[in-house]
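Working notes, structure below.
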Amino acid sequence: AASKLEISMPAVVEVEIGDKARIECNFYIPENASYTYIDWFYMDRSNKQVRLYHVTASGILEDDTDYKGRLSLGEDKALSLSSVTVQDARTFMCQVGAGSYGVGENSTELSVYKVPKTPEIEPNAGGISVRSSEVSEIARCLSRNSFPPPNITWHKNGEQLHPQDKVTMQSTLTRESSGLYTVSSTLYAPVARQDRHSRYHCTVHYWLQGQRHALQSKEVKVKVFYPTERLKLQVMPSSVPVKEGDNVKLVCEADGNPPPVFSFFKKNPDDWQDLSSLAEPDSGVLILHGVNKSSSGTYRCQSLDLDDMSQKEEDVDLFVNYIEGVRVKREPSSTLQEGDSVKLSCDAHSPVALIYQWKDGKGTKVGDGNHLVLKNLTFETSKTFSCKVMAPSVPGLEQSKQVSVPVEGKPRIVAISSPLYVRQDEVVNLTCKAIAFPQPTVQWSINGTAHEYEDNQHITSNLTVRVSHDLLQVGAMCRASNRLGASEKHIQLVDQKSTAESQGVIIVAIIVAILVVAVLGAVIYFLHKKGKIPCGRARKQDITKPEARKDKIVVEVKSDKLSEEAGLLQGANGEKRAAADQ
């Protein structure tokens, strides 16, 4: 055990500005004796003691000082100081009186600090030229509101920079009215072309509780100006062959900064044609719209560096794929008739391999290859055929050309409304449809209201008439004609009333015949049962075959010449007589 009064206090207490500081005073008095008094002091700027508290068994006395209102004592007699400021960084003393054991004292250094804010960095806004003869300002770094003053270091691409080889750092320390410090630092260094990718940052270093801490700024890049060393000119898009009709983009790229002034030229046999007026301003891009065969050739991009007026050039060859001279030939070239055959031939020129495809007027594919043979032509055959020429190696490169295949001939009637079942005095429509080239005209053998319409080389005539007795007897004739001939067809009109009567007579006759056969069968069966009919082979008779009538007269009428109309009418009337005879 100690035999004398001992006072223990921490050597240093660190507190951030604005926080509360607590300074403990621990003491030991032999034999557990009581203290007589405890005094707290601070050392002023002149190194004199200024008392803060006097503590005795009878009470606590607080002296009138600048700290009054911010001080307090704990039950353990520890001194607390609130809202610590920069001015509070000083020495505080604790003195204990213990009667016969004498007086003891000790002190604590109150250290205050303020963590600096994250440093702010600002790169050179104007940019730096690699040709500059002076060491240029790279960036500025600023750290605000710290205590005590911090230290600033500079870093490039993660590595710390040190003052050497024209690399300098200039720092400025400013004490604010609050007692806090603001530190600024400026980095000066030469730059090279590769520094266009370099990243710079600054770091603020400060001490806290005996350890070094750091705050890092964001990274920044500096604009570096350097001349063009390489020029690149390319055709875009470069992945597919260029074909006629395409929009082609010539892109000129330079590795200088700022970009140089670009000019474009096309090589002619004797000189270079200036195309700069067609280029997009300050972009290094020349767009050629709707290129064709004549657009092929050598193009040049020229760069001009305004800093030192140096020039560079780069050439590129443009080749435009094309198809030209598409020709379609028809053999024979003379007029075609129904039933004829024709050969179509197609040819074209191109620097690449071509294939050929044939389509009819409806767009339906009908063949491949240079030739197409059409046999047994009819009016229904497409009037036009197209030859489509394509280049498989150049997607989208194709051309088409049509050829006319007109088939001429006299009209052919393809449909009529015959036979037409009508009633007398009824209004009906008679229809006649014909096809031909040249286009035919349709005429009727009777009067009525006619309406015509065309559909794909067909002409259809609808005649509206009232059914008369004569019309029922004679019918109507449809005639289609053009300069190459004519065709006619007869329209038969059938009276629905007569048809119904004839059908009734036929039904009655069939019923009567069935009854007669049934009765005859019953009589034969009855006679057979009675034995009236012998069944021997010698006397067998064919009772179903009557003897031929000797009085039957057969008349045959022959006519060497009958008109076509009479023949048609005879056929129609013959059908009616046959039904009646039955």
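Beta carbons closer than 6 Å, at least 6 apart along the sequence or on distinct chains, pair a first residue in the range 159-181 that is assigned by the TED database to the domain that holds ASP195 and in a loop (DSSP other than H, G, I, E, B) with a second that is among the hydrophobic types (A, V, I, L, M, F, W, C) and modelled with pLDDT under 95 for LEU161/VAL167; LYS166/VAL135; GLY179/VAL86; LEU180/PHE147.
Residue check: PRO281 meets all listed conditions (1) at pLDDT below 95; (2) surrounded by 11 or more Cβ atoms within 10 Å (Cβ to Cβ) but one, namely (2). For the range 11-20, does any single residue satisfy the condition of being assigned to a strand (DSSP E or B), over 24 Å from ASN145 (Cβ atoms) and either of a type in the set (Ser, Thr, Tyr) or open to solvent by 80 Å² or more (accessible area, probe 1.4 Å) (or both)? No, there is no match, as no residue in the range 11-20 is assigned to a strand (DSSP E or B), over 24 Å from ASN145 (Cβ atoms) and either of a type in the set (Ser, Thr, Tyr) or open to solvent by 80 Å² or more (accessible area, probe 1.4 Å) (or both). Residues that are open to solvent by less than 30 Å² (accessible area, probe 1.4 Å), at pLDDT 95 or above and of a type in the set (Val, Ile, Thr) do not occur anywhere in the range 58-66. Annotation note: Cβ proximity below 9 Å between a residue of the range 307-320 that is over 13 Å from VAL248 (Cα atoms) and a residue that is open to solvent by 70 Å² or more (accessible area, probe 1.4 Å) (sequence gap 6+ or interchain) occurs for ASP307/ARG131; ASP307/PRO258; ASP308/ARG131; LYS312/GLU229; LYS312/ARG230; GLU314/ARG230; GLU314/LYS232; ASP315/LYS267. Among the residues of the range 445-459, which ones are in contact (Cβ under 8 Å) with a residue 40 or more places away in the chain and part of a strand (DSSP E or B)? The one that is in contact (Cβ under 8 Å) with a residue 40 or more places away in the chain and part of a strand (DSSP E or B): HIS458. I want to confirm something. Restricting to the range 117-147 and keeping residues that are under 15 Å from GLN216 (Cβ atoms) and assigned to a loop (DSSP other than H, G, I, E, B), which single residue is most open to solvent (accessible area, probe 1.4 Å)? Once the filter is applied, the top-ranked residue is LYS117. Do we find a residue being without any contact (Cβ under 8 Å) to a residue 12 or more places away in the chain and of a type outside the set (Asp, Glu) anywhere in the range 374-387? No, the range 374-387 contains no residue that is without any contact (Cβ under 8 Å) to a residue 12 or more places away in the chain and of a type outside the set (Asp, Glu). The C-beta contact set for the range 187-212 (first residue in a helix (DSSP H, G or I), second residue surrounded by 10 or more Cβ atoms within 10 Å (Cβ to Cβ) and among the polar types (S, T, N, Q), distance under 8 angstrom, 6+ apart or interchain) comprises ARG196/ASN257.
Counting only residues that are among the polar types (S, T, N, Q) and part of a strand (DSSP E or B), how many does the range 267-305 have?
Of the residues in the range 267-305, the ones among the polar types (S, T, N, Q) are 268, 273, 276-277, 283, 292, 294-296, 298, 302-303.
After this cut, where a residue has to be part of a strand (DSSP E or B) as well, the list is 273, 298, 302-303.
Going through the range 267-305 one residue at a time, the tally reaches 4.
For the range 463-492, which residues satisfy the criterion of being open to solvent by less than 40 Å² (accessible area, probe 1.4 Å) and not in a strand (DSSP E or B)? If you could, list the steps in order and put the result at the bottom.
First pass over the range 463-492, keeping only residues open to solvent by less than 40 Å² (accessible area, probe 1.4 Å): 463, 465, 467, 471-472, 475-478, 480-482, 485-487, 490-492.
Scanning the range 463-492 gives VAL467, LEU471, LEU472, GLY475, GLN492.
Of all residues in the range 389-413, those that are under 30 Å from SER481 (Cβ atoms) have Cβ atoms under 6 Å from Cβ atoms of residues that are in a loop (DSSP other than H, G, I, E, B) and of a type in the set (Val, Ile, Thr), 6 or more apart or on another chain, in VAL407/THR381; GLU408/THR335. The set of residues from the range 247-266 being in a strand (DSSP E or B) and either closer than 19 Å to GLU313 by Cβ or in contact with a Cys (Cβ under 7 Å, 6 or more places away or on another chain) (or both) comprises LEU250, VAL251, CYS252, GLU253, ALA254, VAL261, PHE262, SER263, PHE264, PHE265, LYS266.
Scanning the range 445-462 for residues that are open to solvent by less than 80 Å² (accessible area, probe 1.4 Å), more than 50 Å from the chain's Cα centre (by Cα) and not hydroxyl-bearing (Ser, Thr, Tyr) yields ILE446, GLY448, ALA450, ASN462. Here the range 336-392 is the region considered, the condition is being within 16 Å of GLU324 (Cα to Cα) and among the charged types (D, E, K, R), and the residue that is surrounded by the fewest Cβ atoms within 10 Å (Cβ to Cβ) is ASP347.
Every residue in the range 299-325 that is within 33 Å of the chain's Cα centre (by Cα) and under 30 Å from CYS346 (Cα atoms), please.
If the condition is that a residue be within 33 Å of the chain's Cα centre (by Cα) and under 30 Å from CYS346 (Cα atoms), then LEU318, PHE319, VAL320, ASN321, TYR322, ILE323 are the ones that fit.
Quick one: which of SER350, SER333, SER345 is under 30 Å from LEU233 (Cβ atoms) and free of Cβ contacts under 8 Å to residues at least 60 places away in the same chain? Show your work before the answer.
Working: SER333 fails: under 30 Å from LEU233 (Cβ atoms); SER345 fails: under 30 Å from LEU233 (Cβ atoms).
Only one candidate qualifies: SER350.
To keep it simple, each residue is scored yes or no on (1) buried (at least 17 other Cβ atoms within 10 Å of the Cβ); (2) in contact with a Pro (Cβ under 6 Å, 6 or more places away or on another chain); (3) farther than 16 Å from GLN473 by Cα.
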position	(1), (2), (3)
PRO406	no, no, yes
PRO411	yes, yes, yes
ILE416	yes, no, yes
TYR421	no, no, no
THR431	no, no, yes
ALA436	yes, yes, yes
PRO440	yes, yes, yes
GLN443	no, no, yes
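Would you say ILE29 is crowded, with 16+ Cβ neighbours inside 10 Å and more than 30 Å from LYS117 (Cβ to Cβ)?
Against the criterion (crowded, with 16+ Cβ neighbours inside 10 Å and more than 30 Å from LYS117 (Cβ to Cβ)), ILE29 qualifies.
Quick one: count up the residues across the range 274-298 that are among the hydroxyl-bearing types (Ser, Thr, Tyr) and within 32 Å of the chain's Cα centre (by Cα). Before the answer, list the steps.
Our first condition is that a residue be among the hydroxyl-bearing types (Ser, Thr, Tyr); within the range 274-298, this holds for 276-277, 283, 294-296, 298.
Then keep just the ones that are within 32 Å of the chain's Cα centre (by Cα); that gives 283, 295-296.
So the count comes out to 3.
The values are calculated or read from the model by the stated rules, or taken from the named source; none is laboratory data. Nothing here was measured: the structure is a model prediction, and the numbers come from that model. Virtual Cβ from ideal backbone geometry, glycine too; neighbours counted across all protein chains shown. To get the accessible areas, we keep the full protein, side chains included, count just its heavy atoms, and leave off ligands, DNA and RNA. Shrake-Rupley method; radii C 1.70, N 1.55, O 1.52, S 1.80 Å.
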